[in-house]
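The values are calculated or read from the model by the stated rules, or taken from the named source; none is laboratory data. Computed from a prediction, not measured in an experiment: that's the story for all the values here. Don't worry about glycine lacking a Cβ; one is built from the backbone with ideal geometry, like all the others, and counts go over all protein chains shown. For accessibility, only protein heavy atoms count, side chains too; no ligands or nucleic acids. Shrake-Rupley method; radii C 1.70, N 1.55, O 1.52, S 1.80 Å.
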Amino acid sequence: MLEIRNLHASADGHEILKGVDLVVHAGEVHAVMGPNGSGKSTLAQVLAGHPAYAVTQGSVRYEGRDLLAMDPEERAQAGVFLAFQYPVAIRGVTNAYFLRAALNAVRTARGEAELDPMDFIQVLEEKLQAIGWDDTFVNRPVNEGFSGGEKKRNEILQMAVLEPRLAILDETDSGLDIDALKTVAEAVNRLRSPANATVVVTHYQRLLNHIVPDFVHVLVDGRIARSGGKGLALELEEKGYDWIKPEGAVA
Amino acid sequence: MTPPVDPKERYLAEFRRFAGNGAGAAPAWLEELRQAAIERFAAVGFPTTRLEEWRFTDVAPVTQTPFTLPASRKPKVSADGVENILGGATGTRLVFVDGAFRPELSITKGLPSGVTVGSLSDALRRDGDVLAGHLGKYAGIERNPFTALSTAFLRDGAFVHVGRGVSVEQPIHLVFLASGAAGGHVVHPRTLVVVDREAQATVVETYAGLGDAQYLSNAVTEFVLEEGAAARHVRIQRESTNAFHMATSQSYQGKDSRFSSCSLAFGAGLSRHDLTSVLNGAGAELLLNGLSVLAGGQHVDYHTTIDHAQPHCESHELFNGILADHARGVFNGRIIVRPGAQQTDSKQTNNNVLLSETARADSQPQLEIYADDVKCTHGATIGPLDPNALFYLKTRGVGAEAAAQLLTYGFAADVVSRIDPPDIRERLDRLVRARLAA
């Protein structure tokens, strides 16, 4: 589904990703872990198409298409979803209005009919239940005045409504208390299917107790320094990141 | 060759004609009021950009055009034209066309007893005492020469009086139209709203051009809320884009009163609107909001003053500007906290979004605080649409153009969503969408 080859990316002329290789197949859950500043969030942002990052080398293919040649909205319409580490507030636009605009943009791109407000409300009610929210939050402007945890939960609500094929969760666990963490994990797990894939970017192992990954990768200094099964996450939890050296570095 | 006539002299000559014939049967107090106003105007003349208060707005295009008072005739305006402007709003309405009251287009039936809605000229005959006590008492002739001109030429306008304890559920619409034949004319629309103790009312003022004529609309509205009164004021400015709109809105609040004001500016080539709110009783609350949506070469200048004259009052102010093409927005927000006005809680916000590189906004907060136990905050932003928000919307599948439209709409909705009652809010929401799509 996703094939990242030798990906180099920089921001303001400063190279952050220095040759990332990662292959994700449908049905899999991958965790990308790593110390602060290793490039985890940059990888997530580059996959979503953030204009602040320049890809200088390498390729990314998504379902056979050149992902890097696609606009951010085309990526979303093709089923790529990024749950932001720092979700953006949008004044004056209610969550419900925004979600319907987004869902209809995606549906239109897929050749499906737009949902009218009544049909949309039904879809929304169902998704709200899944993340354990009432409709208080849908009539408020997007993320405006939301707490850190509410913003993260709102990202998952968007994911649930848009039903992506490839979901990338960027530090979705940070700022969540344990109950919220469980709810978020449940919502993510509910979306798991043989046709979908999830990439969980996180600093901590905690979230991975609830979203159990098939593969764990450790990103150090812009490269994947080690890959393994879910046991690797536990090892990192115990020993920290220091014992993993960047690939090619002399121990 | 005759030398060009000085703009001030032209208006003074017009006043002599006005006072000599048409002004006619005014009570002595009104004649004195007019006389004081024209003397004030004669003393100061029109403002120039050398004055701090007028630094960003050059009124030379307004003053140098030789506008005259409309002749006494009745330009044809269809009821459909009025309905169109009101967008389906029902209920009480006063309609003025080119400054003249048009009873045949107005509806004043069905109001609860204790409520007067009618023309000022009628009220001068019936409610002379109420008028003498309020008219021209708040919108001072010293602050702004255009206000002085309005008072000098004061002859008719709208009058709303809600008696003690009376609650008017239906919004009262005041509609000031400029007909297609308004070209070359100056009109001085005037409104006085008096809401007595513990009374409630909603007043919606609309200033609109029915054609693309060049005219000057010089409007003054005075709003008085007695103790415990609650009133909502929505003001929609949709003048012809060739027109000039000069305006003063003045509110004066008593103890424990609540006033919510929202001004929207979509029209006029050049407009200046001074809004002054005096919180003159403890426990008074004020919401002072505004939105301008401008394009082409339009210019809007909002000067607001919130005067906390008494303790324990609260004011929240939000003005948003959406500026496209070469449009220019000016916001000057003055907040005065008088000595002794302790426990004042005041918040001012002015946000401007520039949709082109040639659009421009100027924002000036002006805080004058003479009390020590107060909470006053202010903030202003000027800039293009937030690139992070645009990216965020795109990652949800919304295309670039639709994302920009959504953010721009949100900027407007931020103000419009605060308007009550809901039917007025929905109507304005439709107006804003239509304006943004234009």
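Residues in the range B:396-434 that are among the hydrophobic types (A, V, I, L, M, F, W, C) and over 23 Å from the mean Cα position of the chain (by Cα) were compared, and the one that is farthest from the other protein chains (Cβ to nearest Cβ) is B:404. All but one of (1) open to solvent by 70 Å² or more (accessible area, probe 1.4 Å); (2) away from chain B (no Cβ under 14 Å); (3) touching a strand residue (DSSP E or B) at 6+ places or on another chain (Cβ under 9 Å) hold for residue A:139; which doesn't? With respect to (1) open to solvent by 70 Å² or more (accessible area, probe 1.4 Å); (2) away from chain B (no Cβ under 14 Å); (3) touching a strand residue (DSSP E or B) at 6+ places or on another chain (Cβ under 9 Å), residue A:139 is out only on (2). Can you name the strands (runs of 3 or more DSSP E) wholly within the range A:135-251 that have at least 3 residues being more than 19 Å from the chain's Cα centre (by Cα)? Per the criteria, A:223-228.
Look at (1) at pLDDT 95 or above; (2) surrounded by fewer than 22 Cβ atoms within 10 Å (Cβ to Cβ); (3) touching a Gly at 6+ places or on another chain (Cβ under 7 Å) and you find that residue A:62 fails only one, number (3). Working only within the range A:33-51, note down all residues that are modelled with pLDDT under 95 and of a type in the set (A, V, I, L, M, F, W, C). Within the range A:33-51, just A:33 meets the criteria. Which one of B:332, B:320, B:351 is closer than 22 Å to residue B:52 by Cβ, in a strand (DSSP E or B) and not basic (Lys, Arg)? Among B:332, B:320, B:351, only B:332 is closer than 22 Å to residue B:52 by Cβ, in a strand (DSSP E or B) and not basic (Lys, Arg).
If a residue must be aliphatic (A, V, I, L, M) and touching a Gly at 6+ places or on another chain (Cβ under 6 Å), how many such residues does the range A:75-120 contain? Show your work before the answer.
Residues of the range A:75-120 aliphatic (A, V, I, L, M): A:76, A:78, A:80, A:82-83, A:88-90, A:93, A:96, A:99, A:101-103, A:105-106, A:109, A:113, A:115, A:118.
From what's left, touching a Gly at 6+ places or on another chain (Cβ under 6 Å): A:76, A:90, A:93, A:102, A:105-106.
Going through the range A:75-120 one residue at a time, the tally reaches 6.
Could you say whether any residue in the range B:364-379 is closer than 25 Å to residue B:329 by Cβ and within 14 Å of chain A (Cβ to nearest Cβ)? The answer is yes, given that some residue of the range B:364-379 is closer than 25 Å to residue B:329 by Cβ and within 14 Å of chain A (Cβ to nearest Cβ). Among the residues making up the range B:20-53, those that are surrounded by 17 or more Cβ atoms within 10 Å (Cβ to Cβ), modelled with pLDDT of 90 or more and within 28 Å of residue B:100 (Cβ to Cβ) are B:30, B:33, B:34, B:37, B:38, B:40, B:41, B:46.
Selection of the range B:54-106 for residues being more than 19 Å from residue B:207 (Cβ to Cβ) and modelled with pLDDT of 90 or more yields B:54, B:55, B:56, B:58, B:60, B:63, B:64, B:66, B:68, B:103, B:104. Filter the range A:90-115 for residues that are more than 8 Å from chain B (Cβ to nearest Cβ) and part of a loop (DSSP other than H, G, I, E, B); which is least open to solvent (accessible area, probe 1.4 Å)? Across the range A:90-115, the extreme among qualifying residues is A:115. Going by the structure shown, is residue B:232 open to solvent by 10 Å² or more (accessible area, probe 1.4 Å), in a loop (DSSP other than H, G, I, E, B) and basic (Lys, Arg)? Against the criterion (open to solvent by 10 Å² or more (accessible area, probe 1.4 Å), in a loop (DSSP other than H, G, I, E, B) and basic (Lys, Arg)), residue B:232 does not qualify. Looking only at residues of the range A:75-85 that are touching a residue at least 40 places away in the same chain (Cβ under 8 Å) and not hydrophobic (A, V, I, L, M, F, W, C), we find that the one that is farthest from the other protein chains (Cβ to nearest Cβ) is A:85.
Okay, residues lined up against (1) over 21 Å from residue B:227 (Cα atoms); (2) open to solvent by less than 10 Å² (accessible area, probe 1.4 Å); (3) not hydroxyl-bearing (Ser, Thr, Tyr):
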| residue | (1), (2), (3) |
| --- | --- |
| B:294 | yes, yes, yes |
| B:297 | yes, no, yes |
| B:301 | yes, yes, yes |
| B:311 | no, no, yes |
| B:315 | no, yes, no |
| B:319 | yes, yes, yes |
| B:326 | yes, no, yes |
| B:341 | no, yes, yes |
| B:344 | no, yes, no |
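When residue B:221 is tested against (1) of a type in the set (S, T, N, Q); (2) closer than 19 Å to residue B:119 by Cβ; (3) surrounded by fewer than 23 Cβ atoms within 10 Å (Cβ to Cβ), only condition (3) is not met.
Inclusion of residue B:354 among residues that are more than 14 Å from chain A (Cβ to nearest Cβ), surrounded by 17 or more Cβ atoms within 10 Å (Cβ to Cβ) and either under 20 Å from residue B:414 (Cβ atoms) or not aliphatic (A, V, I, L, M) (or both) is warranted.
With the structure loaded, tell me whether residue B:139 is within 30 Å of residue B:61 (Cβ to Cβ) and out of contact with any Phe, Trp or Tyr (no Cβ under 6 Å at 6 or more places or on another chain) or whether it fails that test. Yes: the conditions hold for residue B:139.
Over 23 Å from residue B:288 (Cβ atoms), assigned to a loop (DSSP other than H, G, I, E, B), without any contact (Cβ under 8 Å) to a residue 40 or more places away in the chain and touching a Ser or Thr at 6+ places or on another chain (Cβ under 8 Å) - does that describe any residue in the range B:370-393? Yes, because at least one residue in the range B:370-393 is over 23 Å from residue B:288 (Cβ atoms), assigned to a loop (DSSP other than H, G, I, E, B), without any contact (Cβ under 8 Å) to a residue 40 or more places away in the chain and touching a Ser or Thr at 6+ places or on another chain (Cβ under 8 Å).
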